[in-house]
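The values are calculated or read from the model by the stated rules, or taken from the named source; none is laboratory data. The structure displayed is predicted, hence computed values, not measured ones. Using ideal geometry, Cβ is built from the backbone for each residue, glycine included, and neighbour counts are taken over all protein chains shown. Protein only, heavy atoms only, side chains kept; ligands, DNA and RNA dropped before computing areas. Shrake-Rupley method; radii C 1.70, N 1.55, O 1.52, S 1.80 Å.
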Amino acid sequence: MTDNPVRTVTVERTSTGHFTATNTRGGTISFGTGSGADGDTQFTPVELLLAAIGGCTAVDVDIATSRHAEPSGFSVTVTGNKVSDDLGNRMTDLTVTFSVAFPDGEGADRARAILPRAVKTSHDRLCTVSRTVEIGTPVTATVEEA
């Protein structure tokens, strides 16, 4: 755990419907609306949310299992339904599905054995992203003079 709990990203508009997020370490990721005549393939904000959920729990599970054996296959699929109703636009029915394979061997047997527990522990306690979504937290939006 770090001494400073604050996490920050800055999102800047690069053109109509296109944005770049930058973290405090200088890393960037581009995203957009996912539509347009140019066949926009950039992630949308909703897809980034799904990727954040999958990525967060993948890191937890990888750390727990790969110390026993290197996986021969490791993927996480996150799905959900985008709805618009009287509560506004939101995602429902979020599902995280792991597909992990290990080669033969004693370490791999141990990794396979702890995989379900690692997934459960990530979901129930460790993954900050899915815990925040599931528990919920207020989001404050403000405007400051540029």
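The set of residues from region 123-139 being open to solvent by 80 Å² or more (accessible area, probe 1.4 Å) and not in a helix (DSSP H, G or I) comprises 137, 138, 139.
On the given criteria, is residue 57 modelled with pLDDT of 95 or more, within 12 Å of the chain's Cα centre (by Cα) and of a type outside the set (Asp, Glu)? Outline the logic, then answer.
On the way: modelled with pLDDT of 95 or more: yes; within 12 Å of the chain's Cα centre (by Cα): yes; of a type outside the set (Asp, Glu): yes.
Considered against the rule, which asks whether it is modelled with pLDDT of 95 or more, within 12 Å of the chain's Cα centre (by Cα) and of a type outside the set (Asp, Glu), residue 57 comes out as yes.
Of the numbered criteria (1) within 13 Å of the chain's Cα centre (by Cα); (2) assigned to a loop (DSSP other than H, G, I, E, B), the one residue 49 fails is (2).
Pairing residues of region 1-21 that are at positive phi with residues that are acidic (Asp, Glu), at Cβ distances under 8 Å and at least 6 apart in sequence or on separate chains, gives 17/40.
If you go through region 93-105 one residue at a time, do you hit one that is at pLDDT below 95, farther than 24 Å from residue 50 by Cβ and either surrounded by 12 or more Cβ atoms within 10 Å (Cβ to Cβ) or among the small types (Gly, Ala, Ser) (or both)? Scanning region 93-105, I find at least one residue that is at pLDDT below 95, farther than 24 Å from residue 50 by Cβ and either surrounded by 12 or more Cβ atoms within 10 Å (Cβ to Cβ) or among the small types (Gly, Ala, Ser) (or both), so the answer is yes. Within region 12-43, being modelled with pLDDT under 95 and not in a strand (DSSP E or B) holds for 16, 17, 33, 34, 35, 36, 37, 38, 39, 40, 41, 42.
Residues are listed down the side, and each one gets a yes or a no for (1) open to solvent by 30 Å² or more (accessible area, probe 1.4 Å); (2) closer than 16 Å to residue 120 by Cα:
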position	(1), (2)
35	yes, no
46	yes, no
57	no, yes
60	yes, yes
66	yes, no
76	yes, yes
84	yes, no
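Out of all the residues in region 69-100, which are in a loop (DSSP other than H, G, I, E, B) and not charged (D, E, K, R)? Passing the criteria: 69, 71, 72, 87. What about residue 7, is it open to solvent by 50 Å² or more (accessible area, probe 1.4 Å), among the basic types (Lys, Arg), part of a strand (DSSP E or B) and closer than 18 Å to residue 130 by Cα? Considered against the rule, which asks whether it is open to solvent by 50 Å² or more (accessible area, probe 1.4 Å), among the basic types (Lys, Arg), part of a strand (DSSP E or B) and closer than 18 Å to residue 130 by Cα, residue 7 comes out as no.
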